[in-house]
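Notes for the one structure printed next.
The values are calculated or read from the model by the stated rules, or taken from the named source; none is laboratory data. Remember, it's a predicted structure, so these values are computed and weren't measured experimentally. For neighbour counting, all protein chains shown are included, and Cβ atoms are generated from backbone atoms with ideal geometry for every residue, glycine included.
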Amino acid sequence: MNKNDKMLNNKFSLTFNGKYYKLNIERINNFCLVSSGKTGSEGEITEAYETDENGEFRLASKINREITTTGNTQEDMIVYDFIKGLVTKLLDCNVNTNDTENQVDFGFALAFNTLIAEGMLEEITEKQ
């Protein structure tokens, strides 16, 4: 039995309208971690003080650090959270997705269609 046969026979597979689907993890990873090419920097200053012979504080050492960043960390998190929400909607679906008579809710349809259109959700065929 090959890998796809196991997926097709797995009772926990995502099935919809009699077809089996899998998440394309590589495509999701590439989509979530697209570099914008922007870079930035953040600075950090650490100062240490000590007391002198008169009991007054004086600067003993000062460390300046500059950290180069990609500049798109927040954008990456927004995209990741969006994709996570779509996948969560599919996994939390309480509709019998094998029943073609049953209508799915708007959230499921939006998540399903978006993931299919972006290549993040793929149909498993026997040829794969």
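The strands (runs of 3 or more DSSP E) found entirely in segment 7-97 that carry 2 or more residues being exposed (fewer than 15 other Cβ atoms within 10 Å of the Cβ) and at pLDDT 90 or above are 40-51, 57-69.
Cβ-Cβ distances below 8 Å connect the following pairs, each with a first residue in segment 112-128 that is over 18 Å from Asn29 (Cβ atoms) and surrounded by 12 or more Cβ atoms within 10 Å (Cβ to Cβ), a second residue that is small (Gly, Ala, Ser) and modelled with pLDDT under 90, and a separation of six or more residues or different chains: Ile124/Ser13.
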